[in-house]
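Sending over a structure as structure tokens; questions will come in a sec.
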Amino acid sequence: MLSRIAHKHVSLDIRPEQYDVVYQYLFEAIAEELSEVITPEIVDAWTEVYWLMAHALIKLESGLYSAAASDHPLAPWVVVAKEAAGIDAVTFTLEPADDTPVTPSLPGQYVSVTVRMPDGIHQVRQYSRSASAGTDTRVFTTRLDADGEVSPALHRDVQIGDQLILSNPCGDITLSTGDSPLVLASAGIGCTPSASILRSLADQGSRREVLVLHAESTLERWALRDQMLEDVALLEAAELELWLEVPSDGDEAHDGFMSLANVAIPENASVYLCGPLPFMRSLRSQALESGVPAERIHYEVFGPDLWLAGS
Ligand SMILES: Cc1cc2nc3c(=O)[nH]c(=O)nc-3n(C[C@H](O)[C@H](O)[C@H](O)COP(=O)(O)OP(=O)(O)OC[C@H]3O[C@@H](n4cnc5c(N)ncnc54)[C@H](O)[C@@H]3O)c2cc1C
């Protein structure tokens, strides 16, 4: 969990001195909100826990910052392509807008994207790499959340030639080395990290056994359909199974939600999950029941990681 948080912090350029600020306001809030129950002993205990975590995170984050290609984790990038991906997603391709050294990204990683909103405020969101298009290029695919703030701005306002601030690539859910089999299970826009892993395997001409499982509402909504189908076809030992909530006549897909009931998980497979939390909870339980050990099940959460806190 700490590694996951450290990666997110680094993508936001969080620095050690900010832990003092968080401590101050968090503890002022605790003192105010819990004034009837809080005692000096409780404050001391929480202070100790806070700083234990903070120092562990500062150490992890310092390692991540120093492994990057430059001291500037955030840099301007210019949009060089903006293409529709399915019916409600857009793929952005960006190139460096200055000479900040570029930290290479690993398949499965994400960047933080800072967007200037119409009111002048800057908002930050994370987007997973969705393809590999050279070391000096970042590619991400964002699905429109019409009720959200940043994805509508990206879809509506950001055009070719515009600059966005991007972080160095972060995230510890990346393609494992070796030749053991892989299961890439995704739902909806959760296909982006799977697609980047798949593209990287195709680029390498990998012979690994890869089982791609994807769930979507309709075939047309599958954002990276062409890219993923192309890469599955290129790979020697890749197969794909699709689940559609609303299949049309002729779609080669299972009906409804994804289920592993009739799926043969390859021996020694590592399983990568990405999609809404209920999807990942269900798939994780099913993978465990199929005999996949917990340490070989990896997942990326497209939001605050409430899974660990709630499980
Ligand atoms: C590691 C990571 C990787 C990601 N990769 C991708 C990716 O590859 N592609 C992609 O499309 N997305 C990805 N995401 C998700 C992305 O970062 C954004 O969360 C997403 O684009 C929505 O952002 P938004 O600003 O449009 O919506 P937001 O403004 O963040 O709102 C999201 C939703 O919450 C609702 N909401 C907001 N405030 C409240 C409230 N107070 N109460 C109730 N509901 C509320 C909004 O109405 C909206 O429906 C990723 C996230 C993470 C953490």
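For segment 9-25, which positions are crowded, with 18+ Cβ neighbours inside 10 Å and either more than 25 Å from the chain's Cα centre (by Cα) or in a helix (DSSP H, G or I) (or both)?
9, 10, 11, 19
Quickly run through segment 48-75 and pick out the residues that are in contact (Cβ under 8 Å) with a residue 24 or more places away in the chain, loosely packed, with under 14 Cβ neighbours inside 10 Å and among the β-branched types (Val, Ile, Thr).
Residues satisfying the conditions do not exist here.
Residues to consider are 215, 202, 187, 223; find the one that is outside the structural domain of residue 92 (by TED's automatic domain parsing), closer than 15 Å to residue 91 by Cβ and either surrounded by fewer than 22 Cβ atoms within 10 Å (Cβ to Cβ) or at pLDDT 95 or above (or both).
Exactly one residue qualifies, and that residue is 223.
Next question. For segment 69-91, give me each residue that is aliphatic (A, V, I, L, M) and not in a strand (DSSP E or B).
Within segment 69-91, 69, 87 qualify.
While we're on this one: Kindly indicate whether any position in segment 57-67 is in a strand (DSSP E or B) and among the β-branched types (Val, Ile, Thr).
Looking through segment 57-67, none of the residues is in a strand (DSSP E or B) and among the β-branched types (Val, Ile, Thr).
Also, I was wondering about something else. Just to verify a result, which residue in segment 116-131, among those that are within 15 Å of the chain's Cα centre (by Cα) and part of a loop (DSSP other than H, G, I, E, B), is nearest to the ligand (Cβ to nearest atom)?
Filtering segment 116-131 for residues that are within 15 Å of the chain's Cα centre (by Cα) and part of a loop (DSSP other than H, G, I, E, B), the one nearest to the ligand (Cβ to nearest atom) comes out as 130.
Scan segment 76-115 residue by residue and report those that are among the charged types (D, E, K, R), away from the ligand (no atom under 13 Å from the Cβ) and surrounded by 13 or more Cβ atoms within 10 Å (Cβ to Cβ).
82, 95
Could you grab me the full set of residues in segment 274-311 that are in a helix (DSSP H, G or I) and at pLDDT below 90?
Selection gives 306, 307, 308, 309, 310.
Let's see how each residue does on (1) among the hydrophobic types (A, V, I, L, M, F, W, C); (2) free of Cβ contacts under 8 Å to residues at least 12 places away in the same chain; (3) under 23 Å from residue 255 (Cβ atoms); (4) not in a helix (DSSP H, G or I):
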residue	(1), (2), (3), (4)
139	yes, no, no, yes
145	no, yes, no, yes
159	no, no, no, yes
208	no, no, no, yes
214	no, no, yes, yes
233	yes, yes, no, no
239	no, no, yes, yes
243	yes, no, yes, yes
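For segment 148-163, which residues satisfy the criterion of being within 12 Å of the ligand (Cβ to nearest atom), among the β-branched types (Val, Ile, Thr) and loosely packed, with under 15 Cβ neighbours inside 10 Å?
Of everything in segment 148-163, nothing turns out to be within 12 Å of the ligand (Cβ to nearest atom), among the β-branched types (Val, Ile, Thr) and loosely packed, with under 15 Cβ neighbours inside 10 Å.
Next question. Give segment 92-115 a look and list any residue that's more than 24 Å from residue 298 (Cβ to Cβ), of a type in the set (S, T, N, Q) and in a strand (DSSP E or B), or say none.
93, 114
Continuing with this model, one more query. Please tell me if residue 145 is more than 18 Å from residue 107 (Cβ to Cβ), within 16 Å of the ligand (Cβ to nearest atom) and touching a helix residue (DSSP H, G or I) at 6+ places or on another chain (Cβ under 7 Å).
Here the answer is yes, as residue 145 does meet what is asked.
The values are calculated or read from the model by the stated rules, or taken from the named source; none is laboratory data. All values derive from a computational prediction rather than experimental measurement. All Cβ positions, glycine included, derive from the backbone under ideal geometry; neighbour counts span all protein chains shown.
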